[in-house]
Every structure is written in structure tokens, then in C-alpha cells.
Amino acid sequence: WVGSRQRISIMARINDNYLKLKAGYLFPEIGRRVTAFTESQPDAAKKLIRCGIGDVTEPLPRAVRNAMHDAIDELGERETFRGYGPEQGYDFLRKAIAENCYRHRDIAIADDEIFVSDGSKCDTGNFLDILGPGNRIAITDPVYPVYVDTNVMIGNTGEADENGAYEGLVYLPCTADNNFVPAIPEEDVDLIYLCYPNNPTGAAATREQLAAWVEYAKAHQAIILYDAAYEAFISDPEVPHSIYEIPGAETCAVEFRSFSKNGGFTGVRCAFTVVPKVLMGMTASGESQALHPLWNRRMCTKFNSVSYPVQRGAEALFSDEGKAEVAELIAHYMGNAKLLSDACLEMGLSVFGGVNAPYIWVGCPQGIDSWGMFDKMLNEANVVITPGSGFGSAGEGYFRISAFNSRANVEEVCKRMQALGL
Ligand code: MLT
């Protein structure tokens, strides 16, 4: 809205890379379409069920709430009040993470290799701050759109073609034929984004597959940016929870993890990034440089960490009570995933994921493309899903259903999908 106010011409330069971005980040784009639907069909909109964005629905665990209440009370007393905390996160949380997520699994990660943050989305994008220009960047297709868009924003790509593929990125197709884990590229790349359990396909990577990637990264002196935001949903005991379960990964991988999906923190905001001290990059003049001090410097300069009550809440997820509540949340969402998968299978659709991840990746019925399926589900079933093509051209012909919902809503979604008579 500009109204009667006047615009004047300004000489300050903008970041033109933003103009290369396609239609908009997928979820805002879905939001716009859903808003148009709710405005044009207000009655149908009252029945709308959202299985699009993977946003949690169940209340915060009691252990978290109690810890946050206590932390607030501490802040209310002069003796226990705290101001700025350490930019890297409080020691109590870094230690709880390193012990519970790594050392208890015999993975040697030190407390100070953990950097607490307000989200893995932010961290995967922000990490580009400490990486130079000119890297050859490999991303899977389909992919979580943030990896692509943040590379576009920082100037690591050229323009997008008519399929939305950006010049300068190496796309690694993930298809049903390779179980949605990409083949190792023939060419040299410097940075590889991997996300397992995968968003959007729900696929899990085996130990052998991750070992092959680590071997590639070491042989090609590349870095793996490993997004493990969904590791808590792994049910198969053979599937690795961390890239660092692969020997040598600490020399070639950064790992991103989040409390959003396991602890229900999508609104609370807390995550962490692991930067091993032995992980090196290269300077413009060809010298080896550790990434840990660079990320530390970046965090100290641009971030003041997450609030004290939130960090106490995150710490509480590792208490006995917290762990039991997280297990219940995971069981709830994965129970939803099973219902949704079974409903799609009964409809004769091809179904992937939903076993080690809270996403179900479904082949569209014959003759309907991804956005066609989105529109059909929105208009005829009043259910929001995510069109597979929004995650990349290899996602065309698929749609994603998020299992993050109440049980009642999921049961209703199953009924409405079956009533579509596809
Ligand atoms: C998704 O739906 O893909 C995720 O919720 C997005 C996110 O975690 O940022």
C-alpha cells in the first residue's frame, strides 16, 4: 500500500540477487493461495485442515514449561537476574546437547563445538556468511527451498531458467529409483547440502550412503552441510542419527539440528549447529583455515543467542521427564504418518517416507500435476498440502503431506482424501 504518499528516487544500491528469486519462498506462496481461497469461500474455509508446512500442533511438554516458568522467576529476582548471555549459548545447554545427542552415542563432540541458535533455517542460511564466493554448490532436487534461496540471495548463482533451476548450482536428482538419496556426483563440488531424514521426501539415508558421501567429501576436499532437523523421528535402529556417526565426518561436515519438531519449538525457537574444531576450509590464497573460529566470530558479531528461559526449556527436553514427553510427541506424529500413508496406499497412490520422518511423499494420481493436486485438495477436500514441484523440478508429480497435526484432523484428512474418489 502506497496510498497518496510519494516515492522518490534513491541512489543507494540494493542487493540485486534478491530480484533473481523465483515467485517467493514456497510457504508464503502457499499462504497467499490459501488466503485467496478463504476469502472467496469463507464457509469452506472454516473446515480447512492444514497439512502443508511442517508446523507442530501439540502443546509444549510440561518439563519445558516448568523449566521456562522457573527461568522467568529467576529473571524476576535481583539476585538471579541475567542480562546478555554467551553468544554461543549457555554452557548448561551446550553440555546437555553434546552429551545427549553425541557423547551418549559415542560421538566425540565437545561442548564448545555446539552453537545454540534460534533455528536451523536461519543457521543453514547464515552459514554462507563464513564461506567464500566461487564454491561449486550441490543441492538435492527436490530440496528444502531455503538452501537454494539463501545461495541466490548471497550471489552464489546466476539466473533461474524456466524450470526454476539456477545457473551455477549442481542439482542432484532424488527419485524413487535412487530411494531419494542422490548418487555421488561425477564432478567436483565444494559444498553439498544433505538433509536426512529428508524434507520433503521423508527418505532416510543409510549408513553406507552417508559413508559414501563422507568419502566423496574427503576425497574432493568438500564440506557437507548436513541438516538433521528430523533425526528424532528415526525409528529404524540402523539409520544414523548424525553424520558424525560416520568416521571422519568431523573433518568434512557441519551438522544442523533443531528443537522445533521434536520439542514442539517452532514458535519458541531454539536449535543448534555443530562445527567441529578440526573442520577446515581454504582462504583465497590457498591456506587452510578452521571454520570454528569464523563461525564463533560470526555469532559473536551478529547474534546474542536465544533467551535464557528458552535455553532452560530446551535443556529440560533432555531431563527424564522431557525425554518421555518427546517420545510421546514423536509417537503421536508418527502415528499420524502411518494413518496418512495407509490412506494414500488404499487409494492406490505410490507412497514414500512417513516411516523415519514426519513427511509423506505421494505420487500424484494419473493426469494431475503437483499444483493441480494442491488445488484439488484445497478446493474439493479443503486440505492444504505442499506441491512437490515447489521443492524443485524433480518434485513434479508428487505432493507432500505433513503429519504434524491433531489425530482428529488426520483422521478427517484421510476420510476426505478417500472421498475424492481418485
Ligand atoms: C517444512 O514444512 O518444510 C518445514 O516446516 C519448514 C521449516 O522447518 O522451516
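Before moving on, here are some points about what is shown:
- Looking across segment 245-266, the residues that are away from the ligand (no atom under 16 Å from the Cβ) and in a loop (DSSP other than H, G, I, E, B) come down to I246, P247, G248, C252.
- Segment 334-355, subset over 19 Å from R416 (Cβ atoms) and out of contact with any Phe, Trp or Tyr (no Cβ under 6 Å at 6 or more places or on another chain), residue surrounded by the fewest Cβ atoms within 10 Å (Cβ to Cβ): S350
- Taking (1) away from the ligand (no atom under 16 Å from the Cβ); (2) touching a strand residue (DSSP E or B) at 6+ places or on another chain (Cβ under 7 Å) in turn, D123 satisfies each apart from (1).
- Of all residues in segment 245-257, none are closer than 28 Å to L60 by Cβ and of a type in the set (S, T, Y).
- Of the criteria (1) within 16 Å of the ligand (Cβ to nearest atom); (2) surrounded by fewer than 23 Cβ atoms within 10 Å (Cβ to Cβ); (3) of a type outside the set (V, I, T); (4) touching a residue at least 60 places away in the same chain (Cβ under 8 Å), which one G390 fails: (2)
- In summary, W295 fulfils each of the numbered conditions (1) touching a residue at least 24 places away in the same chain (Cβ under 8 Å); (2) under 30 Å from S40 (Cα atoms); (3) of a type outside the set (A, V, I, L, M) with the single exception of condition (2).
- Residue match in segment 151-161 (condition: modelled with pLDDT under 95, away from the ligand (no atom under 16 Å from the Cβ) and either among the aromatic types (F, W, Y) or in contact with a strand residue (DSSP E or B) (Cβ under 8 Å, 6 or more places away or on another chain) (or both)): yes
- Residue check for S402: of a type in the set (S, T, N, Q), modelled with pLDDT of 95 or more and touching a Cys at 6+ places or on another chain (Cβ under 9 Å): yes
- Considered as a group, the residues in segment 276-320 that are within 16 Å of F92 (Cα to Cα) and of a type in the set (V, I, T) include one that is surrounded by the most Cβ atoms within 10 Å (Cβ to Cβ), and that residue is V306.
- Enumeration of residues in segment 154-168 that are over 18 Å from N15 (Cβ atoms) and in contact (Cβ under 8 Å) with a residue 24 or more places away in the chain: N163, G164, A165
- Selection of segment 393-408 for residues being of a type in the set (S, T, N, Q) and either closer than 16 Å to I30 by Cβ or within 16 Å of the ligand (Cβ to nearest atom) (or both) yields S402, N405.
- Beta carbons closer than 7 Å, at least 6 apart along the sequence or on distinct chains, pair a first residue in segment 52-77 that is of a type in the set (S, T, Y) with a second that is within 16 Å of the ligand (Cβ to nearest atom) for T57/F404; T57/N405.
- Here is the figure for segment 58-76: residues that are assigned to a loop (DSSP other than H, G, I, E, B) and either surrounded by 17 or more Cβ atoms within 10 Å (Cβ to Cβ) or away from the ligand (no atom under 16 Å from the Cβ) (or both) total 4.
- Test: residue in segment 330-349 that is more than 16 Å from the ligand (Cβ to nearest atom) and at positive phi: yes
- Checking each residue in segment 139-150 for being among the aliphatic types (A, V, I, L, M) and either under 13 Å from the mean Cα position of the chain (by Cα) or within 13 Å of the ligand (Cβ to nearest atom) (or both) picks out V143, V146, V148.
- Check on V34, surrounded by 15 or more Cβ atoms within 10 Å (Cβ to Cβ), hydrophobic (A, V, I, L, M, F, W, C), more than 16 Å from the ligand (Cβ to nearest atom) and under 25 Å from the mean Cα position of the chain (by Cα): no
- Reported count of residues in segment 377-387, each being away from the ligand (no atom under 16 Å from the Cβ) and crowded, with 22+ Cβ neighbours inside 10 Å, is 1.
- Taken together, the criteria exclude T206 from residues that are within 16 Å of the ligand (Cβ to nearest atom), at negative phi and either modelled with pLDDT of 95 or more or acidic (D, E) (or both).
- Matching option when the condition is within 16 Å of the ligand (Cβ to nearest atom) and either surrounded by fewer than 21 Cβ atoms within 10 Å (Cβ to Cβ) or closer than 30 Å to V278 by Cβ (or both), among I114, I49, I130: I49
The values are calculated or read from the model by the stated rules, or taken from the named source; none is laboratory data. Quick caveat: nothing in here was measured; it's all calculated off a predicted structure. We place every Cβ from the backbone using ideal geometry, glycine too, and count neighbours over all the protein chains shown.
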